[in-house]
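J.: Structure below; questions to follow.
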Amino acid sequence: ISDELLHAEDYVQHQVSDGHNRTLDIQSDYTQQITSTIKLEAGVKASFATQGNQVTSERANYGSSAFVDEPALHNDFELRQNVYAAYVSYAQKFGKFGMQLGLRGELTDIAWDLFSADDHSDKKPYGNLFPSAFFSYALNEKSELQLSYTRRISRPRRYWLNPYVNVSDPTNIYFGNPNLDPEISNSTEFSYC
């Protein structure tokens, strides 16, 4: 069998990826020590993020150096995510006991474009509340017990949302799901330090 016939289905693929990640954060915080044992904090934050990735692909038959553009393998995806948040926190000490209670509210607005497929989506804005509570008890000057509860959010990343099917590696084909929702977790921790 000739070398050309043996590699008739083989080809060389060349991809160029150009990404960007731009974020603008605007934040204002306020702290007031009301008494020696009471502290109040509050703040607002707006975060405007744009993440994009543009991939172009070329292909050449085995043994050839003449690359041909492969538009079906191009990917031009951009994710825009704006988060508006406000929080308040109250801390107080009672002798050996200490506590801090907080609440953060967020409104998230997400939109994405898959320019290479002329597809786009504006997800409905969603809001969340995130309470937190921290309690401590000083056993002595060097050690204390702590109990805490927090609620957190993990938003899907750009590549988790991108519906483009990446076949650049035939053994690792992957694509994202633009309908993914954020993951909310509630955690409780008890510690001695």
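J.: Could you compute Rg(Cα) / (2.2 N^0.38 Å) for the chain, with N its residue count?
T.: With N residues counted in the chain, Rg over 2.2 N^0.38 Å equals 1.59.
J.: Another question, then. Counting only protein chains, not ligands or nucleic acids, how are 108, 37, 50 ordered by accessible area (probe 1.4 Å), most first?
T.: Numbers: 108 0, 37 60, 50 35 Å².
Most to least solvent-accessible, the answer reads 37, 50, 108.
J.: Keeping the other protein chains in place, figure out the carbon and sulfur percent of the accessible area of the chain, with a 1.4 Å probe.
T.: 54 percent
J.: Next up: Provide the per residue accessible area, probe 1.4 Å, for the stretch 115-193, rounded to a whole number of square angstrom.
T.: Dividing the accessible area of the stretch 115-193 by its residue count gives 73 Å².
J.: Trypsin sites (Lys or Arg not before Pro), restricted to the stretch 102-188: which are DSSP loop and have at most 11 other Cβ atoms within 10 Å?
T.: 142
J.: Over the Cα atoms, compute the radius of gyration (one decimal) and Dmax (the largest Cα-Cα distance, rounded to a whole number) for the stretch 105-193, in Å.
T.: Calculated on Cα positions, Rg and Dmax stand at 20.6, 64 Å.
J.: Based solely on its DSSP helices, what 222 nm [θ] is calculated for the chain when runs of n ≥ 4 H residues each add -39,500 (n - 2.57) and the sum is averaged over all residues, nearest 500 deg cm²/dmol?
T.: Taken over the chain, the calculation gives -500 deg cm²/dmol.
J.: Rank 117, 72, 85 by mean-square fluctuation in a GNM of the chain with C-alpha springs under 10 angstrom and give only the top-ranked residue.
T.: The residue with the greatest mean-square fluctuation here is 72.
The values are calculated or read from the model by the stated rules, or taken from the named source; none is laboratory data. Model, not experiment: these values are computed from the prediction. Every residue, glycine among them, receives a Cβ derived from its backbone with ideal geometry; neighbour counts consider all protein chains shown. What goes into the accessible areas is simple: the full protein's heavy atoms, side chains included, and nothing from ligands, DNA or RNA. Shrake-Rupley method; radii C 1.70, N 1.55, O 1.52, S 1.80 Å.
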